[in-house]
Amino acid sequence: MIVLGFESSCDETGVALVDASGTAIPRLLAHALHSQIDMHQAYGGVVPELASRDHIQRVLPLTREVMRTAGLTLAEVDVVAYTRGPGLAGALLVGAGVACAMAAALGKPVLGVHHLEGHLLSPFLSADPPEFPFVALLVSGGHTQLMQVDRVGSYTLLGESIDDAAGEAFDKSAKLMGLPYPGGPHLSKLAQQGDAAAFKLPRPLLHSGNLDFSFAGLKTAVLTQAKKLGDTLQARKADLAASTQAAIVEVLVKKSMAAMQQTGLKRLVVAGGVGANALLRSQLNATCLQRGIRVHYPELELCTDNGAMIALAAGMRLQAGLGNLQPSYTFDVKPRWPLGELQESLAHA
Ligand code: KG4
Ligand code: ZN
């Protein structure tokens, strides 16, 4: 079963082909990606209308590239999948529209996929895929969640951010330091030259007794510190970046370990853009090793948004008998779509 997947929920256009034949973990045949980061950088963040227009221009050339790389023709595609939400409405509509039009033209079924399900299943495409059940730490630009994943389609929310996401904390702190968008990778690069103990920053909700996160206070503390530094900010920027990163990473690691303890599970999966962070990976690796926990990550290039995770999630859903293929080619998108609603809303699709 060949699945063609489209991702267009934010500022990356992703197209991919996976082979989800039989019951084996789907195999990535080809994927292509265009990041709009350079275009949005001038505005310090994603401009939704520009994002939609760019997706329109990129999606077909990327599709041709993927078909060529895989050596397949569109007639050989069995199912077309697209990100149905959450994300930017206009951006989502591009992927949904193209996927449904293509499926209609090919006479093949189409399946709308939850973006976060794509992220949390993405480590299945890595060289070291996980096994169910596991705890998932989902850390993207818009979401920070801990989930218990028992099987495909069974996601129990253990805790989540009550305000900013971890990626947002990286991005907003980076902006305060004058770093380009998206701040996460820039802040983490700068942090390599800094002293993480230089500034005492808060670790919000670290001892809250539950698995929720809060990062809005950290951003305010970074702002206060930056103001205090005034003219000396430039000279101390690396120290402030390192201290900020250490605060975010410490909270993510400790809450993840609390989730492992609470569930009694011995497998952790990390997914989403912040999962690319080197300090987070090294601290999780060290802590998990000590505790006999296996930790899995997506391949670095599949941490941030991509089409491969969407084609993969569609393939795994279909293999599990959960993929309610849309009976017609009419479609809607779901800019807000809590993962918990997934089963219910797909059943009604
Ligand atoms: O998963 P993703 O591509 O998009 C969403 O679905 O939101 O995540 C993007 C987020 C951004 O906030 C970005 O700054 C962050 O992931 N990010 C990082 C790193 N690479 C990407 N944050 C910290 N360190 C990184 N190396
Ligand atoms: Zn994402």
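The values are calculated or read from the model by the stated rules, or taken from the named source; none is laboratory data. Because the structure is predicted, anything quoted here is derived from the model rather than measured. FYI the Cβ positions are ideal-geometry reconstructions off the backbone, even for glycines, and counts take in every protein chain you see. With ligands, DNA and RNA removed, areas are computed over all heavy atoms of the protein, side chains included. Shrake-Rupley method; radii C 1.70, N 1.55, O 1.52, S 1.80 Å.
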(message) Suppose we filter Val295, Val249, Val269 for residues that are in a helix (DSSP H, G or I) and β-branched (Val, Ile, Thr); which single one remains?
(response) Val249
(message) Just the residues that are farther than 17 Å from Pro123 by Cβ and not in a loop (DSSP other than H, G, I, E, B), please, taken from the range 6-33.
(response) Phe6, Glu12, Thr13, Val15, Leu17, Asp19, Leu29, Ala30, Ala32, Leu33
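One line per residue, one yes/no per condition, for (1) open to solvent by 10 Å² or more (accessible area, probe 1.4 Å); (2) of a type in the set (A, V, I, L, M):
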site	(1), (2)
Ala81	no, yes
Gly87	yes, no
Val98	yes, yes
Ala104	yes, yes
Val110	no, yes
Leu120	no, yes
(message) Could you tell me how many of the residues in the range 66-95 are among the hydroxyl-bearing types (Ser, Thr, Tyr) and assigned to a loop (DSSP other than H, G, I, E, B)?
(response) 1
(request) Output the number of the condition that Tyr329 fails; it satisfies all remaining conditions of (1) of a type in the set (Phe, Trp, Tyr); (2) under 17 Å from the mean Cα position of the chain (by Cα); (3) at pLDDT below 95. (result) (2)
(request) Kindly indicate whether any position in the range 298-306 is of a type in the set (A, V, I, L, M), closer than 27 Å to Ala96 by Cα, within 15 Å of ligand 2 (Cβ to nearest atom) and touching a Ser or Thr at 6+ places or on another chain (Cβ under 8 Å). (result) yes
(request) Looking only at the range 286-293, decide whether some residue is modelled with pLDDT under 95 and either within 16 Å of ligand 2 (Cβ to nearest atom) or touching a strand residue (DSSP E or B) at 6+ places or on another chain (Cβ under 6 Å) (or both). (result) no
(message) Please go through (1) open to solvent by 40 Å² or more (accessible area, probe 1.4 Å); (2) under 23 Å from Gly112 (Cβ atoms); (3) not β-branched (Val, Ile, Thr) for Tyr43 and return the number of the only condition it doesn't satisfy.
(response) (2)
(message) Tally up the residues in the range 181-195 that are within 26 Å of the chain's Cα centre (by Cα) and either among the acidic types (Asp, Glu) or part of a loop (DSSP other than H, G, I, E, B) (or both), please.
(response) 3
(message) Show me the strands (runs of 3 or more DSSP E) entirely contained within the range 114-180 in which 2 or more residues are within 15 Å of ligand 2 (Cβ to nearest atom).
(response) 134-139, 144-151
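Of these, Glu160, Glu168, Glu131, which one is modelled with pLDDT of 95 or more and open to solvent by less than 60 Å² (accessible area, probe 1.4 Å)? It would help to see each step written out before you state the result.
Numbers: Glu160 fails: open to solvent by less than 60 Å² (accessible area, probe 1.4 Å); Glu131 fails: open to solvent by less than 60 Å² (accessible area, probe 1.4 Å).
Only one candidate passes the filter, namely Glu168.
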(message) Please go through (1) more than 18 Å from the chain's Cα centre (by Cα); (2) within 16 Å of ligand 1 (Cβ to nearest atom); (3) within 30 Å of Ala20 (Cα to Cα) for Ser140 and return the number of the only condition it doesn't satisfy.
(response) (1)
